[in-house]
Amino acid sequence: MDQAARDNDIALRMSRRIERLTLAFGSIAALAVAFAKSPRAGIGIGIGSLLAWLNYHWLDQALASLVTVAAAQEGSPRARVPAVLYWKFAGRYVLIGLVVYVTVHYFAVPLLAVLIGLLALGAGAMAESLYQVFSGSA
């Protein structure tokens, strides 16, 4: 296996671990808050962590597509980026905004709980970073 394939494999495994850790931390926090504070707050954290996971997943897909397009057009004097990539980058924020609005406005879920759920991605990324440092995988 050449170096580029090895690096790609490491990046893919890291990305999948971040996704799993985001969902795990979000689920644990949602259950803990649902029992300790209120079910609505737990649902808010759960929705926020699902949005964080979806945001990361779509960002990962869009960046992979962008790298593929860039590699295919290498050496071309006029590189062209498909419009769907712009929508993938911008659409993540539109979707998050709409879901947060509907969740808070129509289902009376605390806004702070949804925002805390969105932080699950940061927790997952930090846990993966610590894993990389202490396992020597980096």
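The values are calculated or read from the model by the stated rules, or taken from the named source; none is laboratory data. Fair warning: this is a prediction, and the values are worked out from it, not measured in the lab. Virtual Cβ from ideal backbone geometry, glycine too; neighbours counted across all protein chains shown.
Being at pLDDT below 80, among the polar types (S, T, N, Q) and closer than 25 Å to residue 12 by Cβ: is that true of residue 132 here? For residue 132, the condition - at pLDDT below 80, among the polar types (S, T, N, Q) and closer than 25 Å to residue 12 by Cβ - is not met. Against the criterion of being more than 24 Å from residue 133 (Cα to Cα), modelled with pLDDT of 95 or more and polar (S, T, N, Q), residue 49 qualifies. When you scan the range 12-43, how many residues do you find that are hydroxyl-bearing (Ser, Thr, Tyr) and in contact with a helix residue (DSSP H, G or I) (Cβ under 6 Å, 6 or more places away or on another chain)? Qualifying residue count, the range 12-43: 2. Evaluating residue 63 against the criteria (1) without any contact (Cβ under 8 Å) to a residue 24 or more places away in the chain; (2) under 16 Å from the mean Cα position of the chain (by Cα); (3) over 22 Å from residue 21 (Cα atoms) leaves one unmet condition, (3). When residue 27 is tested against (1) in a helix (DSSP H, G or I); (2) surrounded by fewer than 15 Cβ atoms within 10 Å (Cβ to Cβ), just one condition goes unmet, and that condition is (2). Does residue 18 satisfy the criteria of being under 21 Å from the mean Cα position of the chain (by Cα), hydrophobic (A, V, I, L, M, F, W, C) and either at pLDDT 95 or above or not in a helix (DSSP H, G or I) (or both)? So residue 18 passes the test.
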